[in-house]
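Peer 1: Would you mind keeping the following structure in view while I ask a few things?
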Amino acid sequence: MKAILFDKYGDPSVMYSGETPKPIINNNEVLIKVAAAGINRPDILQRQGGYPPPKGASEILGLEVSGTIVEIGKNIDPKFKDKEVCALVTGGGYAEYVKTTLATVLPIPKEVSIIEAAAIPETFFTVWTNLFDSGLLKKDETLLIHGGASGIGITAALIAQAMGIKYLTTVGSSKKKDFMDNLGSFKTINYQDEDFEEVIKNEIDGVDVILDIVGGEYFQKNINILNKFGRLINIAYLQGPIVKANLLPIMLKRLIVTGSTLRIRSDDEKQKIRDSLQNHIWPLFQKKSIKMVIDKEFSFNDVKKAHEYMENNENIGKLLLKF
Ligand SMILES: NC(=O)c1ccc[n+]([C@@H]2O[C@H](COP(=O)([O-])OP(=O)(O)OC[C@H]3O[C@@H](n4cnc5c(N)ncnc54)[C@H](OP(=O)(O)O)[C@@H]3O)[C@@H](O)[C@H]2O)c1
């Protein structure tokens, strides 16, 4: 089969389209013929050598796909054969075929095209489990989303908006600010022009939950602006994981500081998130309360351009690779 491969770590030029054996499924797996794969920031880290796949996972990039189930293992209900689905995978999405168990496979919402559906799994699994399982976010609370226009950030915004939760975002350009304002962000702070800690202290007092991908100097500011019993959730450290901080606000305001990664979790854990998504988010697609934000679709052969675009922080929402 065709796949995007690389033989050494490096910049986007290390990737090429090549031939590799088609995955062989076991009794509990299905084989998906890929229509599209979502592109995520972790793919870039993996390509650079900073995010090795977990044991047993494919070395090929790609954490989410949409497509058609073309083969099923002996223990899989035959009703799944020929079904169009989207799936979170532990790797291998940038290829013609990818295998997975059913634990992370979801039907494609009718309101979403088969191509767009490739952009759902990675960010929806991540955002759901972090905001609600760890972050215990409630309807009457206020959420701050850093990296608001990222794939993760926009997913958090879409979910909060559809559930009637007030959210604010930080972004790095006026174009992204305009976009997030139009999407429904209560307040969008362009960190190039304003200090988010000052704006939040002066204009809204504080926030209850923060979803942060930045870390670094944001850490102290985050714990400073959280309300009593607030929760800080870090799912990446784009400004670095090492900080010097005054931790007193954590004690005084009884804050929770947490974080998580998704890829290394067990199938059982992922299946619980999948079920939550199907119960809570799929009805919101049906009601048209959530509409996917896809910035660009790239063809399989343009994968280098797609990675460059993401590395330049140009994307607003998700990027897709089409086969
Ligand atoms: N822990 C998990 O389970 C998990 C799962 C998925 C993704 N992630 C992480 O979540 C992050 C977002 O992923 P994604 O695919 O949504 O990425 P993305 O669409 O590429 O967005 C990342 C955005 O972060 C902002 N940014 C980049 N460098 C920054 C810096 N030094 N300081 C402040 N902002 C910076 C940029 O937006 P601006 O132009 O607005 O600054 C950029 O567009 C990645 O770091 C990824 O590794 C974690």
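The values are calculated or read from the model by the stated rules, or taken from the named source; none is laboratory data. Keep in mind the model is a prediction, meaning the values are calculated, not measured. In this analysis, Cβ positions are derived from the backbone assuming ideal geometry, glycine residues included, and neighbour counts consider all displayed protein chains. Areas reflect the complete protein model, heavy atoms only, side chains present, ligands, DNA and RNA absent. Shrake-Rupley method; radii C 1.70, N 1.55, O 1.52, S 1.80 Å.
Peer 1: Given the structure, is Asp205 among the charged types (D, E, K, R) and without any contact (Cβ under 8 Å) to a residue 40 or more places away in the chain?
Peer 2: Spelling it out, Asp205 is indeed among the charged types (D, E, K, R) and without any contact (Cβ under 8 Å) to a residue 40 or more places away in the chain.
Peer 1: Here's a follow-up. Based on this model, can you work out whether Asp178 counts as within 13 Å of the ligand (Cβ to nearest atom), of a type outside the set (A, V, I, L, M, F, W, C), within 16 Å of the chain's Cα centre (by Cα) and open to solvent by 50 Å² or more (accessible area, probe 1.4 Å)?
Peer 2: Considered against the rule, which asks whether it is within 13 Å of the ligand (Cβ to nearest atom), of a type outside the set (A, V, I, L, M, F, W, C), within 16 Å of the chain's Cα centre (by Cα) and open to solvent by 50 Å² or more (accessible area, probe 1.4 Å), Asp178 comes out as no.
Peer 1: A further question on this structure: Please count how many residues of the range 60-71 are in contact with a helix residue (DSSP H, G or I) (Cβ under 9 Å, 6 or more places away or on another chain), in a loop (DSSP other than H, G, I, E, B) and either open to solvent by 10 Å² or more (accessible area, probe 1.4 Å) or among the hydroxyl-bearing types (Ser, Thr, Tyr) (or both).
Peer 2: Going through the range 60-71 one residue at a time, the tally reaches 0.
Peer 1: Name the helices (runs of 4 or more DSSP H) wholly inside the range 235-323 in which the number of residues that are open to solvent by 20 Å² or more (accessible area, probe 1.4 Å) and within 16 Å of the ligand (Cβ to nearest atom) is 3 or more.
Peer 2: By residue number, 267-276, 303-311.
Peer 1: Then there's this: So Asp133 fits all but one of (1) away from the ligand (no atom under 14 Å from the Cβ); (2) surrounded by fewer than 24 Cβ atoms within 10 Å (Cβ to Cβ); what number is the exception?
Peer 2: Against the list (1) away from the ligand (no atom under 14 Å from the Cβ); (2) surrounded by fewer than 24 Cβ atoms within 10 Å (Cβ to Cβ), Asp133 comes up short only on (1).
Peer 1: Can you report the number of residues in the range 185-198 which are open to solvent by less than 40 Å² (accessible area, probe 1.4 Å) and over 11 Å from Gly148 (Cβ atoms)?
Peer 2: Residues that pass the stated criteria total 1.
Peer 1: Could you give every pair whose Cβ atoms fall below 8 Å, whose first residue belongs to the range 148-174 and is outside the structural domain of Ile316 (by TED's automatic domain parsing), and whose second residue is aromatic (Phe, Trp, Tyr) and more than 12 Å from the ligand (Cβ to nearest atom), counting only separations of at least 6 or pairs across chains?
Peer 2: Qualifying pairs under 8 Å: Ala156/Tyr167; Ala157/Tyr167; Ala160/Tyr167; Gln161/Tyr167; Lys166/Phe186; Tyr167/Phe186; Leu168/Phe186.
Peer 1: Residues that are at pLDDT below 95: find the helices (runs of 4 or more DSSP H) completely inside the range 106-199 holding 2 or more of those.
Peer 2: Correct list: empty, since no element meets the threshold.
Peer 1: Within the range 205-220, track down each residue that is surrounded by fewer than 21 Cβ atoms within 10 Å (Cβ to Cβ) and more than 11 Å from Ile145 (Cα to Cα).
Peer 2: Within the range 205-220, Asp205, Gly206, Gly215, Gly216, Glu217, Gln220 qualify.
Peer 1: Now for a different question. Condition check: open to solvent by less than 10 Å² (accessible area, probe 1.4 Å) and modelled with pLDDT of 95 or more. Does Gly49 satisfy that?
Peer 2: No; evaluated as a whole, the condition is false for this residue.
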